[in-house]
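Structure first, commentary second.
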Amino acid sequence: MQYGNVIMEHHQPAPSFLVQLLHSVPHINITLHRVNDTFNPNSTVYTESLGILASIPAALLIISLVFLLLYLLTRCCDRKPRKPKSHGCQKCTLIFFAIICCAAIGLGLYGNDDLHNGVLQIFGSGRKIEQLILNVRNQTEMVKHNLKSKVVLSELEQIFEQPPHRPNVTALYMLHDTVKMAKDNTTFAINALETIVYLTRPAYTDITLKSLLDTYEFYEELRWPITLGFLTFLLLLCIILMIGATRSSRCALIFFSVCGLLAVTVCWLLSGIYLASAVALGDFCMKPNDFICSHPKLKDVQYTYCSTVGTNRYVLRLNESKVHVDRAKESLETVTSIGMDLYPGIQISSKVNKINGELDDSKRQLTALSVMLDRRTVAEHYADATRSLCEGGLLGLTLMLLASLVSAAILSLLVCVDSHTWIYLTKKRPGYEDKAETTPLFPAGANASPAAPIIASGTMTVNRTLLHAQTATSNGSTGGAAGAGAGTGTLIPTSGRNGTSHGMRGASGHHTLGRLPSQHAPMMGPNNGKYATLSKQCKTLESNDFY
């Protein structure tokens with residue numbers, strides 16, 4: 001086996017630059033000392049070094065969460081109002097980095113697809129090798145059954161138990177010995193085939209190629225759609241963030257803050273897993289044959305791929321079986337020549353030829369099996385699988401690692417800026433006025449009766465200067481007929497110095513609230529056809545001004 005490994009080194013392709021780069025990552029243990037970087041998942045020291053590499057993104061996650069906590073604490077203590085125009089820079093920052101994050105996520109999608117395609121090619125090559133071994137086992141079982149039933153259990157010896165027509169003890173003894181030799185050689189050929197069946201049927205504790213393929217194929221069927229769904233979710237988050245930033249939607253920004261914090265955590269954790277996996281795969285791809293051929297429980301791989309010409313146990317047993325079949329055929333030729341002399345009346349040649357034909361068919365099948373198990377044919381499948389894993393698969397995993405690191409860093413920044421934005425969007429804008437304060441005292445569509453008193457409730461806006469002018473005009477009118485002939489007037493409340501109501505004073509019907517009376521203005525209904533207007537010099541009157 002050692003000789004085979006030495007021979008395999010010359011046929012092993014040179015590792016790529018990416019493999020060398022990942023393999024050059026320092027492997028340290030818990031005491032910060034360098035350890036052996038040879039791929040060996042069964043070693044606790046090696047797995048410990050991979051765990052330390054995976055903990056680096058986890059440490060970055062803790063640092064980012066602590067920084068975000070401190071940042072939000074400072075934002076909560078900042079109560080200074082912000083102008084609406086000051087949010088423009090923050091929104092542009094959110095949109096710009098959201099676009100960059102989308103590009104990083106797209107790189108992750110591309111890497112996920114490359115990794116998936118590489119793994120599928122590995123499964124395809126592995127299934128070909130598995131089918132080859134299964135065909136060898138089935139055909140070997142069939143050849144073994146034919147030799148045992150049609151040659152060993154034949155009635156050839158019973159024919160020669162009868163007394164010969166020409167008595168010749170020496171020839172008869174030689175005939176029986178030759179028949180026994182033919183059956184013994186056939187038995188030896190069957191035993192060699194049974195060894196192949198035993199080698200292709202692994203023990204319970206062995207790891208078969210089929211079990212490995214089934215296990216990893218199940219994991220890949222889960223990994224690929226879950227990764228695709230998570231990256232799509234990150235894209236939707238970035239789109240929601242851009243929509244919320246452009247429309248100043250607090251709901252969208254708050255939703256991104258909550259989900260973005262969860263996405264940041266998952267991205268950093270995935271970065272640790274991808275980093276450890278990429279470094280381990282780089283270590284494996286430096287010398288993949290060393291690990292494959294040194295694994296103690298991968299017998300199928302060792303017997304078909306790791307052995308060199310002349311050391312393949314399958315081919316050796318097949319060649320041994322063919323040698324015994326050839327010897328059995330030579331013995332049958334001797335049996336035919338001697339038997340025809342001793343038993344001329346019996347059709348010896350027809351029965352011997354039938355057995356001889358069965359031996360010829362078995363030999364052709366054994367030759368075909370030797371071609372199937374040729375190392376060059378098997379090595380081609382293994383080379384395709386190794387190339388798919390160490391080129392396409394490793395490149396896809398590296399792209400996913402970079403995308404996860406960049407996405408985690410950008411999402412951490414976006415959560416900080418987004419939290420800074422929506423916190424100030426929740427505050428009340430300056431200059432906001434209640435609509436009730438701008439409501440006119442007398443609505444435009446009101447047709448109040450002139451005789452009905454006007455009672456103010458709540459707050460209303462009145463120009464006090466105009467009210468006093470109207471009061472003086474009403475009191476200064478001469479003649480009782482003027483007061484009586486004024487028709488119907490409006491009642492305006494007057495207040496004393498302390499705000500107490502002294503009564504209701506009448507005003508002429510042609511007076512308006514915000515305008516002095518005009519002597520030339522025609523009398524057109526209540527308030528001279530005019531509606532109440534408000535002046536800039538208004539004062540809010542409370543309800544206690546009237547009561």
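Some points to look at:
- Over 22 Å between alpha carbons, listed pairs Lys150/Lys210; Lys148/Lys351; Lys180/Lys354: Lys150/Lys210
- Note on segment 90-246: with neighbouring protein chains present and a 1.4 Å probe, carbon and sulfur make up 65 percent of its accessible heavy-atom surface.
- Taking only Cα atoms of segment 102-259, radius of gyration then Dmax in Å: 34.1, 117
- Ranked by the mean number of other Cβ atoms within 10 Å of their residues, highest first, the peptides 106-114, 89-97, 29-37 come out as 106-114, 89-97, 29-37.
- Relative contact order [Cα under 8 Å, 6+ residues apart], segment 135-261, whole percent: 25
The values are calculated or read from the model by the stated rules, or taken from the named source; none is laboratory data. The structure presented is a predicted model; accordingly, all values stated were derived computationally and were not measured. Virtual Cβ from ideal backbone geometry, glycine too; neighbours counted across all protein chains shown. Note: areas computed on protein heavy atoms with side chains; ligands, DNA, RNA excluded. Shrake-Rupley method; radii C 1.70, N 1.55, O 1.52, S 1.80 Å.
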